[in-house]
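Worksheet: one structure, shown below.
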Amino acid sequence: MPPERRSRTRPERRTGARPNRKTGMKPDRKVGARPGGPPRKAAYSSQRKPPARPRAAATAIAVAAEEERRLRQRNRLTLEEDKPAVERCLEELVFGDIEDNEDALLQRLRGPRIQAQEDSDDSEVKNEAKDNFAPRKKPVWVDEEDEDEEMVDMMNNRFRKDMMKNTSESKLSKNELQKRLKEEFQHAMGGIPAWVETNKRKTSSDDESDEDEDDLLQRTGNFISTSTSLPKGILKMKNCQHANAERPTSARISSVQFHPCAQVVMVAALDNSVSLLQVDGKTNPKIQSIYLEKFPIFKARFTANGEEVLATSTHSKVLYVYDMLAGKLIPVHQVRGLKEKIVRSFDVSSDGSFLLINGVAGYFHLLSMKTKELISSMKINGRIAASTFSSDSKKVYASSADGEVYIWDVNSRKCLNRFVDEGSSYGLSIATSRNGQYVACGSNCGVVNIYNQDSCLQETNPKPIKAIMNLVTGVSSLTFNPTTEILAIASEKMKEAVRLVHLPSCTVFSNFPVIKQKNISLVHTMDFSPRSGYFALGNEKGKAVMYRLHHYSDF
């Protein structure tokens, strides 16, 4: 090779093989050009090709995926060895042979809809979900008369006529009538009753529900009544139609009592009559009246089962028994061994076994309710003022004119305890609560002492829980309501002298009686209905005033 050509080509070969320091790559000879000439073609040499790095990375990823697949296959085979043959056979039937292609199984389980949802945005997912629902079908047949609102005639029905607010409402739609009936019911009940509410309290866990169930099984009581107790302060009540409105009288009401089983009230007066009336709070229709000739009623009472009515007179020793089932009036002229000239005050035990008659000279007599025969006679010091049975009918509480209280055992006829009513010089009335917790004693000075029954049995000088001093004249009537939440006290010596005491706070309800109305007058007798829904009083004007207590939803 000549020296000129060798010296001319070597510098070009060095410059062409020298790499670029900034990029680390050799210059591209396809795009490089000499000055003043066409571009030079690159020589085909393996040393001048760039390294195949993307292809090496793909190979490494494939190797890693293969290694991961082998690892999963080995783990699956290890798990398969522990499975029984039946389970492996079942998996093969359900999922197929998944040894070779697990990705196909996953794709089959996920389904085309999931795959489509992953590839689409949220709006497309919602639209696809809406399209999947079946279209709502139209009704096959439509009655045009159903769309017309039926009107109800209000004038021809006497009960619906009372619900009219004006004369233009001669006809109302069924929806309007239903609203009026609901309003009338809520007005009569004093609001929405508790049993109408459908929201029930949910327990937080199963353990709490089990504890509530155990607590329910360990207690006894009236579970039908309202769960909330009676609040003190103001008693929600409404003045109803007089109980004896359909059997009016001008004679003094001597007894008023609600039937223990039926929604009936009995009103007895000094006009020789005993009336039975149905209680609805509006008209109180009369059921039956019994007239006893020359027999002014001093006291009348239902028996415990409500099948008979007992009545005594103001000046006779005859005891009348009226059998309500047979409709017969049976006079008991003489009780063997009973030497009383006049039989007036008496009491009936709650279990229906005994009849207690107060006599003279401190005697009171225990009779059998079934045979009306004398069982035994007991005596206290001084004159007996009032007596009553305990709630379990096993004891008798007697108040004397000397201000002392005696407790007798019915079975043994022995005096269990005797104590002086605090601050009393002359006892007039006594009452026990239905739950066996309280004893109330009324005196001639207007004070009512409320005692605990256990302290009366165990202590010789028990202290009252509270002394009620809202009356200034002698307390002639005391009555507990069946739930032992109200104690009614009254005096027959002064008009409007009646109070309702809240228990257990022993405070007087401030809204009763309403002095401005003055419709109570002199109270001689009182009673609560079996579930405390109604409260009735009998006065000297011949009216049995009745109130609806809104707190109690039932009769």
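The values are calculated or read from the model by the stated rules, or taken from the named source; none is laboratory data. Just so it is clear, the model here is predicted, and its values are computed rather than measured. Reconstructed Cβ throughout: ideal geometry from the backbone, glycine too, with neighbour counts over all protein chains shown. Surface accessibility is based on the protein's heavy atoms, side chains included, excluding ligands, DNA and RNA. Shrake-Rupley method; radii C 1.70, N 1.55, O 1.52, S 1.80 Å.
Sequence-distant contacts, meaning Cα pairs under 8 Å at least 6 residues apart, place the relative contact order of the stretch 257-480 at 9 percent.
Phi angles across the stretch 348-353 convert, under the Karplus curve 6.51 cos²θ - 1.76 cosθ + 1.60 with θ = phi - 60°, into 3J(HN,Hα) values of 10, 6, 6, 8, x, 9 Hz, Gly and Pro given as x. Per-residue extension of 0.36 nm, minus the Cα-Cα distance of residue 153 and residue 173, leaves a gain of 6.3 nm for this segment. Rolling a 1.4 Å probe over the protein heavy atoms leaves residue 303 with an accessible area of roughly 10 Å².
Put simply, the Cα atoms of the stretch 257-480 extend 49, 45, 28 Å along their principal axes, the longest span coming first. For the stretch 342-463, the ratio of Cα radius of gyration to the globular rule of thumb 2.2 N^0.38 Å stands at 0.98. Whole-Hz Karplus values for the stretch 527-540 come out as 6, 9, 5, x, 10, 6, x, 10, 9, 10, 9, x, 10, 7 Hz, taken residue by residue from phi with 6.51 cos²θ - 1.76 cosθ + 1.60 and θ = phi - 60°; glycine and proline positions read x. Taking label positions 7 Å along the Cα-Cβ direction at both residue 519 and residue 288, the computed distance is 3.0 nm, reported to one decimal. So which of 286/328; 165/518; 339/463; 179/282 end up more than 26 Å apart, counting from Cα to Cα? 165/518; 339/463, as the Cα separations exceed 26 Å there. Only the Cβ atoms of Lys and Arg (+1) and of Asp and Glu (-1) were treated as charged; on that basis the dipole of the stretch 257-480 about its Cα centre amounts to roughly 440 debye.
In order along the stretch 250-263, phi translates into HN-Hα couplings of 9, 7, 5, 7, 9, 8, 9, 8, 8, 5, x, 10, 9, 8 Hz, rounded to whole numbers, per the Karplus curve 6.51 cos²θ - 1.76 cosθ + 1.60 with θ = phi - 60° and x for Gly and Pro. Each peptide among 352-364, 520-532 gets the average number of other Cβ atoms lying within 10 Å of its residues, and from highest to lowest they stand as 520-532, 352-364.
Among the protein heavy atoms, those of residue 81 account for about 140 Å² of accessible surface (1.4 Å probe, every chain in place). Scanning residues 5 or more positions from residue 287 or on other chains, those with amide H under 5 Å from its amide H are 276, 277, 278, with H placed 1.01 Å from N in the peptide plane.
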